[in-house]
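Scroll down for the structure; my scribbles are underneath it.
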Amino acid sequence: MVQSRTQSTFVSPIVESSSWVRGRDFPQDLPLLNLSQAAPADPPPTALRQVIADAALSDDSAHLYGAVLGRMQLRTALAAQTASLYGADVQAAEVGITSGCNQAFAATIASLCAEGDEVILPTPWYFNHKMYLDMAGVTAVPLPVGDAMLPVVAEAEAKITPRTRAIVLITPNNPCGVEYPDGLVKAFYDLARAHGLVLIVDETYRDFDSREGAPHALFRDPNWRETLVQLYSFSKAYRLTGHRVGAIVTGQDRMFEIEKFLDTLTICPNQLGQIAAEWGIANLQDWLAGERLEVLRRRQAIADGFEQIAAKGWKLLGLGAYFAYVEHPFAESSADLARQFVDEASLLMLPATMFRPIDDPAGARQFRIAFANADVNGIQELFDRIAGFQPVK
């Protein structure tokens, strides 16, 4: 029997792991510490919520169909912000607003790929990227990362075939947290350009990059529109996860094809979310800078406190943005240990088997820890629980 598109892929790790804790009561002295999902747990700041409320009451357009590629005010604001950050020429017509960054990825793939085409994904990969490629009938070609959890250009080139259409990079990375050096991103851009491919750079977490200024210089190439697709998310920047607002920046020819996809799925992005995102760009940059500093403080707390579990054989493989990517010292697979951590330590974190091909043995040795919603005290509690954990035989 032929499988449906959804049957061709796995269950979302977030959906699966949520079922491990749904409806459960955890001890009062050991409440659940949920480090599974890379999303803000708090609502937007009060001023932004007031903007949303005012728009809902007084802006009739917030309740109507809008432009498929988003409100021109937001597209213009994001184009100007992108141009300023990267020191480049980016126009509003080269920006499309989507219903979250996952849809931005799906729309980009739809504009590039036919049945049986191939897209190169560094592994560990972001699971929703792999899931959508499966459902689109596109082959995800794994590119195992090398030292420091960074992909290797020469190894990517060896995987290019006549069916290859794109290479995907995420920086700062999900799930590994690592920030890709400018030179590495440029080398992948040059590789893609030399082979007539598209380089998709997902910068969902760029607002929490530890480096100052632009993380790469790709937009300064006058020919960037032919090769580059940048993906972005307002969810992390302004805590707009429930409003589903993402973005694509690319050349107008590709945007024309992307518009067809978006028109058939959502017709237009969420209007209130777009209004909020535009206001955020104009008014919340100082607030966002404070959010970034707090995430960086938590990142430093992971780095400073890791010695406690390093002494027990754990290794820190990657760290940055919302994530720590770690290797455990036990004989059991992370897939089995993840459930035990819930049962024995009230700790939920995702096993790396959810971020790698099923035949990749490295997944059994690793976990992703999404620490952005744990404050410094919560991070210390994380290390205490890991240090005290022993697998159930």
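Is it the case that segment 268-281 has a residue that's buried (at least 21 other Cβ atoms within 10 Å of the Cβ), farther than 28 Å from Ala62 by Cα and modelled with pLDDT of 95 or more?
So far as segment 268-281 goes, no, none of its residues is buried (at least 21 other Cβ atoms within 10 Å of the Cβ), farther than 28 Å from Ala62 by Cα and modelled with pLDDT of 95 or more.
Among the numbered conditions (1) closer than 16 Å to Glu344 by Cβ; (2) open to solvent by less than 50 Å² (accessible area, probe 1.4 Å); (3) part of a loop (DSSP other than H, G, I, E, B), tell me where Trp20 comes up short.
With (1) closer than 16 Å to Glu344 by Cβ; (2) open to solvent by less than 50 Å² (accessible area, probe 1.4 Å); (3) part of a loop (DSSP other than H, G, I, E, B) applied to Trp20, the lone miss is (3).
Pick out the one residue from Tyr180, Tyr189 that is touching a helix residue (DSSP H, G or I) at 6+ places or on another chain (Cβ under 8 Å) and among the aromatic types (Phe, Trp, Tyr). Walk me through it before giving the result.
Numbers: Tyr180 fails: touching a helix residue (DSSP H, G or I) at 6+ places or on another chain (Cβ under 8 Å).
Selected residue: Tyr189, the only one of Tyr180, Tyr189 that is touching a helix residue (DSSP H, G or I) at 6+ places or on another chain (Cβ under 8 Å) and among the aromatic types (Phe, Trp, Tyr).
Which condition breaks for Arg297 when tested against (1) surrounded by fewer than 16 Cβ atoms within 10 Å (Cβ to Cβ); (2) of a type in the set (D, E, K, R); (3) not in a helix (DSSP H, G or I)?
Going through (1) surrounded by fewer than 16 Cβ atoms within 10 Å (Cβ to Cβ); (2) of a type in the set (D, E, K, R); (3) not in a helix (DSSP H, G or I) one by one, Arg297 breaks only (3).
Within the group Ala289, Ala277, Ala321, which residue is at positive phi and within 20 Å of the chain's Cα centre (by Cα)?
Ala321
Would you check which residues across segment 2-30 are without any contact (Cβ under 8 Å) to a residue 24 or more places away in the chain and of a type in the set (Gly, Ala, Ser) and list them?
The answer is Ser4, Ser18, Ser19, Gly23.
Could you pull out the residue among Arg368, Arg356, Arg339 that is open to solvent by less than 10 Å² (accessible area, probe 1.4 Å) and charged (D, E, K, R)?
Result: Arg368 is the single residue among Arg368, Arg356, Arg339 that is open to solvent by less than 10 Å² (accessible area, probe 1.4 Å) and charged (D, E, K, R).
Within segment 281-295, can one find any residue that is farther than 21 Å from Ala79 by Cβ, of a type outside the set (Phe, Trp, Tyr) and touching a helix residue (DSSP H, G or I) at 6+ places or on another chain (Cβ under 6 Å)?
Checked segment 281-295: at least one residue is farther than 21 Å from Ala79 by Cβ, of a type outside the set (Phe, Trp, Tyr) and touching a helix residue (DSSP H, G or I) at 6+ places or on another chain (Cβ under 6 Å).
Which of the residues spanning segment 124-154 are more than 18 Å from Lys315 (Cβ to Cβ) and under 16 Å from the mean Cα position of the chain (by Cα)? So that I can check it myself, show each step before the final result.
Within segment 124-154, the first condition is being more than 18 Å from Lys315 (Cβ to Cβ), and the residues that meet it are 125-143, 151-154.
Of everything in segment 124-154, those that are more than 18 Å from Lys315 (Cβ to Cβ) and under 16 Å from the mean Cα position of the chain (by Cα) turn out to be Trp125, Tyr126, Phe127, Asn128, His129, Lys130, Met131, Tyr132, Leu133.
Scan segment 323-336 residue by residue and report those that are among the charged types (D, E, K, R) and either buried (at least 21 other Cβ atoms within 10 Å of the Cβ) or assigned to a strand (DSSP E or B) (or both). Lay out the reasoning, then the answer.
Of segment 323-336, the ones among the charged types (D, E, K, R) are 327, 332, 336.
Hit for segment 323-336 is Glu327, nothing else.
Any chance you could count how many residues in segment 132-155 are in contact with a helix residue (DSSP H, G or I) (Cβ under 7 Å, 6 or more places away or on another chain) and either in contact (Cβ under 8 Å) with a residue 60 or more places away in the chain or within 30 Å of Arg71 (Cβ to Cβ) (or both)?
5
The values are calculated or read from the model by the stated rules, or taken from the named source; none is laboratory data. As the structure is a computational prediction, the values presented were derived from the model and not from experiment. Cβ atoms come from the backbone with ideal geometry, glycine included; neighbour counts cover every protein chain shown. We work out accessible area using only protein heavy atoms, side chains counted, and drop any ligands, DNA or RNA first. Shrake-Rupley method; radii C 1.70, N 1.55, O 1.52, S 1.80 Å.
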